[in-house]
Every structure is written in structure tokens, then in C-alpha cells.
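Here the structure is laid out as C-alpha cells; the discussion comes afterwards.
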Amino acid sequence: MAAELNQVTGTVKNRLSALYRKFGVTNRAGVLRRARSSGFLADSQSEETHT
């Protein structure tokens with residue numbers, strides 16, 4: 001993920017941790033569920049296959 005974003009691994013980890021805190025979840029699947037239920041992402045299963 002870091003390479004695709006042209007970011008250092010630590011930066012990506014910090015940003016993911018911040019998302020987890022903001023959404024009140026503990027993992028990427030939780031972020032996706034919360035983002036979909038809040039209307040930030042479309043309701044699609046194809047997104048989860050890439051995490």
C-alpha cells in the first residue's frame with residue numbers, strides 16, 4: 001500500500017491508525033463498514049477484496 005501511495009510505510013501506518021481512531025474501529029474492515037454506513041463509500045463488495 002505504501003509503495004502505491006509513494007509514502008513511507010510508517011506514514012501509511014500512522015494515517016491508518018488515525019482513521020481507526022476517528023471511525024472508532026480496530027481494523028481496515030471496520031473502517032470500510034463504517035465509511036459505507038456513513039455514506040463515504042458506495043455499498044460494494046469489490047472494495048473488500050483489495051484489503
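The values are calculated or read from the model by the stated rules, or taken from the named source; none is laboratory data. Only a predicted model underlies this, so the values are computations on that prediction, with no experimental measurement involved. Ideal geometry is used to build each Cβ from the backbone, glycine not excepted, and the neighbour counts take in all protein chains shown. All accessible areas refer to the heavy atoms of the entire protein, side chains included, with ligands and DNA or RNA removed. Shrake-Rupley method; radii C 1.70, N 1.55, O 1.52, S 1.80 Å.
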Go through the range 6-15 and report how many residues are under 12 Å from the mean Cα position of the chain (by Cα) and open to solvent by less than 100 Å² (accessible area, probe 1.4 Å). 1
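Rundown of residues vs (1) surrounded by 11 or more Cβ atoms within 10 Å (Cβ to Cβ); (2) modelled with pLDDT of 90 or more, yes/no style:
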{"site": "GLU4", "(1), (2)": "no, no"}
{"site": "SER17", "(1), (2)": "no, yes"}
{"site": "GLY30", "(1), (2)": "yes, yes"}
{"site": "ARG34", "(1), (2)": "yes, yes"}
{"site": "ASP43", "(1), (2)": "no, no"}
{"site": "THR49", "(1), (2)": "no, no"}
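Residues in the range 11-44 that are part of a loop (DSSP other than H, G, I, E, B) and either among the polar types (S, T, N, Q) or touching a residue at least 24 places away in the same chain (Cβ under 8 Å) (or both): how many? Show your work before the answer.
Keep residues of the range 11-44 that are part of a loop (DSSP other than H, G, I, E, B), which gives 24-27, 38-44.
Remaining after also requiring either among the polar types (S, T, N, Q) or touching a residue at least 24 places away in the same chain (Cβ under 8 Å) (or both): 26-27, 38, 44.
Total satisfying the criteria: 4.
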